[in-house]
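Participant: Please see the structure below; I have some questions.
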Amino acid sequence: MDDGNSWDNGDLGGFLEALAAWIDDADGWYGNVGRELPANGDWSFFARALRAATTYE
């Protein structure tokens, strides 16, 4: 399991900014992988967003 020290966004502020940015851009990610953005979100979307926020810039 990764710890916060190995993340690009290791502090809370950076992580939350990256989380918000990834969610704003999520339609692009889904389009790039050939999937449809979940209309109402779901747990897999939330999990994907949390994971992406560890490295998203």
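The values are calculated or read from the model by the stated rules, or taken from the named source; none is laboratory data. Since this is a predicted model, take the numbers as computed values, not measurements. Cβ atoms come from the backbone with ideal geometry, glycine included; neighbour counts cover every protein chain shown. Note: areas computed on protein heavy atoms with side chains; ligands, DNA, RNA excluded. Shrake-Rupley method; radii C 1.70, N 1.55, O 1.52, S 1.80 Å.
Participant: For the chain, what does the accessible surface come to per residue with a 1.4 Å probe? Please give it in Å².
Facilitator: So the chain comes to 74 Å² accessible per residue, rounded to a whole number.
Participant: Could you tell me which trypsin sites (Lys or Arg not before Pro) in the chain are loop residues by DSSP with no more than 10 other beta carbons within 10 angstrom of their beta carbon?
Facilitator: When the trypsin sites (Lys or Arg not before Pro) of the chain are filtered for loop state and at most 10 Cβ neighbours within 10 Å, Arg35 remain.
Participant: If you line up the long axis of helix 12-32 against the longest principal axis of the chain, both from Cα atoms, how many degrees apart are they, to the nearest 10?
Facilitator: 30
Participant: Still on this structure, please answer the following. Compute the acute angle (0 to 90°) between the alpha-carbon long axis of helix 43-52 and the principal axis of greatest extent of the alpha-carbon atoms of the chain; round to the nearest 10°.
Facilitator: 40
Participant: Which residue fluctuates the most in the chain, going by a Gaussian network model with Cα springs under 10 Å, if the choices are Ala39, Ala20, Ala47?
Facilitator: Comparing Ala39, Ala20, Ala47 in the GNM, the peak value goes to Ala39.
Participant: Which of these values of Rg and Dmax of the Cα atoms in Å was calculated from the structure shown: (i) 11.7, 33; (ii) 10.9, 33; (iii) 11.4, 42?
Facilitator: The listed entry that was calculated here is (i).
Participant: While we're on this one: I need to check one value: relative contact order of the chain, counting alpha carbon pairs closer than 8 Å and at least 6 residues apart, in percent.
Facilitator: Working: 42 pairs, mean separation 30.1, N = 57.
Value for the chain: 53 percent.
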